[in-house]
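Structure first, commentary second.
Read-outs throughout are calculated quantities, based only on the coordinates presented, and are distinct from any laboratory measurement. Note that the coordinates shown come from a computational prediction; the quantities given were computed from them, not determined experimentally. When we count neighbours, we look across all protein chains shown, and the Cβ atoms used for this are built from the backbone with ideal geometry, even at glycine.
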Amino acid sequence: MKVLLENLSKHFGKVIAVHEVNLEVRDGEFVALLGPSGCGKTTTLLMIAGIYQPTAGTIKFGERVVNFLPPKERNIGMVFQSYALYPHMTVFANIAFPMILKKVPQVKMRENVKKVADLLQIGNLLDRHPGQLSGGQQQRVALARALGKEPDLLLFDEPLSNLDAKLRLRMRSEIKRLQMELGITSVYVTHDQVEAMTMADRVAVMHEGRLLAYDTPDTLYNRPSTLFTAGFIGSPPMNFLPMRLERKDGAVCLDTGWLCLPLSAEQGDVVARSHMGANVILGIRPEHLAIVPEGDLKATVYVVEPLGREDLVVLRVDENELRVLMPSPFRGEVGQMVSVRLDRSKLHLFDPQTEQALL
């Protein structure tokens, strides 16, 4: 089922939680709503679910406007952060409860419960109560309850945030595999950009109630359209340096006083028309920097963070910090002066006023 949000807004008194969001979720697509706390992603999800009424705008399921349709009539399955299982009911009863409300015949209900329980590998837990289950098992029961009613749309509100790191990694794969197998249109709210990037077909980046970007994970990572998107997506985050666009020796350069970095002819042509002599923000990801014998700039090693396969080396240059990913083990010492090379084909430039990408 296709979901369409048109100029969707939600106000709580004078507080604008969501402002004129336009978003299309294709039939069978897995879309993540990504952003920091308070950005409006859960409010948007709750409007899709029918729990909140929009202040303005339209929600469509297919060609049908559902703004005033109650949640029970939208045929959605929802998985919450807290799982929201009934503690006095068995696993079987928890999974079956939405079907009881829909008055599904007993035989079909038992078939559906068994099918989704086996699919999620909890068929042997149907007689237990939630208090007898681990966090991962409770999460599977919550997912089974959402799937058992055979919904047209699955909604997830940060369902993995209560799990430990190892289980969270496994459940990411399980949820994505199930969604692909069943082909159910899904909307997944998360503040974890790793979850969004690894699970979603497309990611909607939200900030302060607005939709800033909506694209594939690859595009958002490699060609971010805004400064916020560039900084929010990626771990470790992108490095940012204030620069000035100048022309030196016939070439367009990024200049700070301690660094003069010539741009390629193609890059220079793009930015020179509108920003020559203006301040810009240079963005470059840690994996596109390297500590080498002879590079583009000199910096001092500030701290080294071992990550296992790689080391994150934090450098200080002038008043700025640069994060560099280097193969482990990094042999440098804290306080050592090193030379850094930038991969000039991976540079990002942003307007400091509009925060829009220039390249």
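General remarks:
- Note on the stretch 239-350: with charges restricted to the Cβ of Lys and Arg (+1) and Asp and Glu (-1), its dipole about the Cα centre is near 140 debye.
- Electrostatic tally near I59: other residues with Cβ closer than 14 Å to its Cβ, Lys and Arg +1, Asp and Glu -1, net -1.
- Overall Cα dimensions of the stretch 312-359, principal axis frame, Å, largest first: 40, 24, 15
- One Cα centroid belongs to the stretch 288-353, the other to the stretch 175-200; the line between them spans 33 Å.
- Cα gyration tensor shape for the stretch 239-350, rounded if a/c is under 1.5, else prolate or oblate: prolate
- Among the listed pairs K248/K298; K41/K166; K2/K103; K41/K103, those beyond 30 Å (Cα-Cα): K41/K103
- A Förster radius of 30 Å combined with the Cβ-Cβ distance from L169 to D215 puts the calculated FRET efficiency at roughly 0.75.
- Computed from the Cβ-Cβ distance with R0 of 45 Å, the FRET efficiency linking R128 to N320 stands at 0.25.
- Note on the chain: antiparallel DSSP beta bridges, both residues inside, total approximately 75 percent of the bridges counted.
- Here the simple spin-label model places points 7 Å from the Cα toward Cβ, and for N67 and E6 these points are separated by 1.0 nm.
- The convex hull around the C-alpha trace of the chain, projected and averaged over every direction, spans 22.0 square nanometres.
- Likely footprinting exposure, D118, D311, D249, fewest C-beta neighbours within 10 Å first: D249, D118, D311
- Residue order for V107, V304, fewest other beta carbons within 10 angstrom first, comes to V107, V304.
- By the beta-carbon count within 10 Å of each Cβ, the least crowded to most crowded order of K14, K41, K115, fewest first, is K14, K115, K41.
- Estimated FRET transfer efficiency when R0 is 35 angstrom, pair K248-T198 (beta carbons, to 0.05): 0.25
- Its Cα gyration tensor gives the stretch 130-187 an equivalent ellipsoid, and the semi-axes of that ellipsoid, as √(5λ) in whole Å with the largest first, are 20, 14, 9.
- The local environment of R341, defined by Cβ-Cβ distances under 15 Å, has a net charge of +1 under the rule Lys, Arg +1 and Asp, Glu -1.
- Three-way shape call for the stretch 1-42 based on the alpha-carbon gyration tensor, with the a/c threshold at 1.5: oblate
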